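Here the structure is laid out as structure tokens; the discussion comes afterwards.
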Amino acid sequence: MRHPPRRDGSAVEARVTVERPVADVFGFYRDLENLPRFLGDVTEVRRTGPATYRWTVVGPLGVRVRSTIRLTEARADELIRYETTGPPGLRARWTVHFTPGPGRTEVHQVLATPLGAVGHALLSLVGKPPGAEVAANLRRLKQVLETGVVTDTDHAVAGKFGRRPPER
């Protein structure tokens, strides 16, 4: 299933280069149960069907929200698309592209937020700016795949990833 590009100011994107082969990076991300290992606000993901998962997100003020996400497309070592379920105008959609290089993979993620630019602004107002969150999540993906340890706590639930090492 293809999602048309959004031109309403709701899409944000970020890129990171992971020093691992594309099959490793794609395989790790494709197992959506790995999302809590690097997404800052997702604390649990459980498979509920062939392409559906139940996830728990911790929002502002520690409010836990459980919802269903659906894998809508996966092309091995190339692309993953998933979205929250619900009414079409209220779905968040992720598109993750994987571009191989010698011993490394560029990961490019695009998040389309629900409610267009209004949704983007509302998320920013409650301390969850989508652009900053997407970038922080990709930095943590890089850390977990390259070192096995996440130290980047930007835009993450307090205490989820431990503490940042002291500055030198």
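Some observations on this one:
- Ligands, DNA and RNA are left out, and with a 1.4 angstrom probe the accessible area of the chain is 52 Å² per residue.
- Per-atom-type breakdown for region 1-115 gives carbon and sulfur 53% of the accessible area (1.4 Å probe, protein chains only).
- Within region 19-47: backbone nitrogen closer than 14 Å to the THR85 label point (7 Å, Cα to C-beta): 46-47
- Per-residue ³J(HN,Hα) for region 42-59, Karplus 6.51 cos²θ - 1.76 cosθ + 1.60, θ = phi - 60°, Hz, x for Gly and Pro: 8, 9, 7, 9, 10, 5, 10, x, x, 10, 10, 9, 9, 10, 10, 10, 9, x
- Computed from the Cβ-Cβ distance with R0 of 25 Å, the FRET efficiency linking GLU106 to VAL157 stands at 0.35.
- Percentage relative contact order, the chain, counting C-alpha pairs under 8 Å, at least six apart: 27
- For THR147, solvent-accessible area (1.4 Å; no DNA, RNA or ligand), Å²: 90
- Using θ = phi - 60° and Karplus 6.51 cos²θ - 1.76 cosθ + 1.60, couplings along region 60-71 (whole Hz; Gly, Pro as x): x, 6, x, 5, 8, 10, 10, 8, 9, 10, 10, 6
- Other-chain or far-sequence residues with amide H under 5 Å of ALA11's (modelled H): THR113
The values are calculated or read from the model by the stated rules, or taken from the named source; none is laboratory data. No experiment lies behind these values; they were computed from the predicted model shown. Glycine also receives a Cβ, built like all others from the backbone with ideal geometry; neighbour counts cover every protein chain displayed. Note: areas computed on protein heavy atoms with side chains; ligands, DNA, RNA excluded. Shrake-Rupley method; radii C 1.70, N 1.55, O 1.52, S 1.80 Å.
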